[in-house]
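Taken together, the values in this text are just the output of simple stated rules run on the coordinates, not laboratory data. Given the structure is predicted, the values throughout are model-derived calculations rather than measurements. Please note: Cβ atoms are built from the backbone with ideal geometry, for glycine as well, and neighbour counts cover all protein chains shown.
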Amino acid sequence: MVLRMAGVLAIMLGCTGLGLFYSLKESFRIKELQEFKKALLILSSEIEYMRAPLNIACANIAKRTESTTMVLFAAFAEGLADGKGATAYQLWTAAVAKIKGKTSLAAEDFSVIDGFGKTLGYLDKHMQQGAIKYAITYIDDKVVSLQAQGDKNKRMYRSLGVISGILISVVLW
C-alpha cells in the first residue's frame, strides 16, 4: 500500500512538474525575445552614435546581454575578428547554429533572426537601421501576442498536468 501511494505521488509530481514546465516555456521565449531586442537596440546605437566596426559592436553586445543572446553575439564577434574569409552571413548562421538547440525560441523567431543576419555587413548605415527596426517590430508584436496567449495557456498547461496526473494515478490504481 505504501509503495502504491509513493507511485501515485511520483506520478502526480511528475505530471504537475511537466505542466509547470510547459506553462513557463512561453515565458522563457518572451524573455529571450526581449533580450534579443535589447541586443538590437545596443547594435543600433553602436552603429548610429559610436560608429564602431561590426566585430567590436557585437563584442560589446555580448558583454551587455545574457544567456543565448550573449553566446550568439560573442560567437559572431569572434568569427568576425578571426576574418577567415567567410562572409558575415556565413558567420552569423554559424553563430545561430550554436544556440539553436539551447533556446526556447521558435522556428519563426529563427527565420527573423536569420533574415536579420543576411543584412549584417552588407547594407549601409540607414538600411541597417531599417533592418534593425523591422526585427524590433517583429519582436514587439510577438511579445504582445505571446503575453495575450500566455495567461490562458499557463492555466491550461498547469491544469492539464494535474488532471493527467490524477487520471494516470486512477487508471493505474
>> As I understand it, the dipole of the chain uses +1 on the Cβ of Lys and Arg and -1 on the Cβ of Asp and Glu, about the Cα centre. Which of Ile168, Leu40, Val2 lies farthest toward its positive end?
In response: Val2
> Of the cross-linked pairs Lys31/Lys98; Lys38/Lys142; Lys84/Lys142; Lys63/Lys133, which ones have a Cα-Cα span greater than 26 Å in the structure shown?
Replying inline: Lys84/Lys142
> What are the ³J(HN,Hα) values, in whole Hz, obtained from phi via the Karplus relation 6.51 cos²θ - 1.76 cosθ + 1.60 with θ = phi - 60°, for each residue of segment 30-36 in sequence order, with x given for Gly and Pro?
Replying inline: 4, 4, 5, 5, 5, 5, 5
> Which FRET efficiency value, to the nearest 0.05, is calculated for Ser111 and Tyr49 with the Förster distance at 35 angstrom and r the Cβ-Cβ distance?
Replying inline: 0.75
> Using alpha carbons only, how many degrees (0 to 90, rounded to 10) separate the axis of helix 88-99 from the longest principal axis of the chain?
Replying inline: 20 degrees
> Mind listing the phi-derived Karplus ³J(HN,Hα) values for segment 138-153, rounded to whole Hz, using 6.51, -1.76 and 1.60 with θ = phi - 60°, and x for any glycine or proline?
Replying inline: 4, 4, 4, 5, 5, 5, 4, 4, 5, 5, 5, 6, x, 4, 5, 5
> In degrees between 0 and 90, to the nearest 10, how far off the longest principal axis of the chain does helix 107-119 point, with axes built from Cα atoms?
Replying inline: 10 degrees
> Using 0.36 nm per residue, how much length does the chain from Lys152 to Lys125 gain when fully extended, once their Cα-Cα distance is taken away?
Replying inline: 5.6 nm
> Which ³J(HN,Hα) values, rounded to whole Hz and listed in residue order, are derived for segment 38-51 from phi using the Karplus coefficients 6.51, -1.76 and 1.60 in 6.51 cos²θ - 1.76 cosθ + 1.60 with θ = phi - 60°, glycine and proline given as x?
Replying inline: 4, 5, 5, 5, 5, 4, 4, 6, 4, 6, 6, 9, 8, 6
>> Along the Cα→Cβ direction, 7 angstrom out, place labels at Leu172 and Asp141. What is the inter-label distance in nm?
In response: 4.5 nm
>> Based on alpha-carbon centroids, what's the gap between segment 8-33 and segment 132-173 in Å, whole number please?
In response: 9 Å
> For Rg/Rh (Cα atoms, Kirkwood Rh), the choices are (1) 0.94; (2) 0.98; (3) 1.17; which was calculated from the structure?
Replying inline: (3)
> Where nothing but the Cβ of Lys and Arg (+1) and of Asp and Glu (-1) is charged, how large is the charge dipole of the chain around its Cα centre, in debye to the nearest 20?
Replying inline: 440 debye
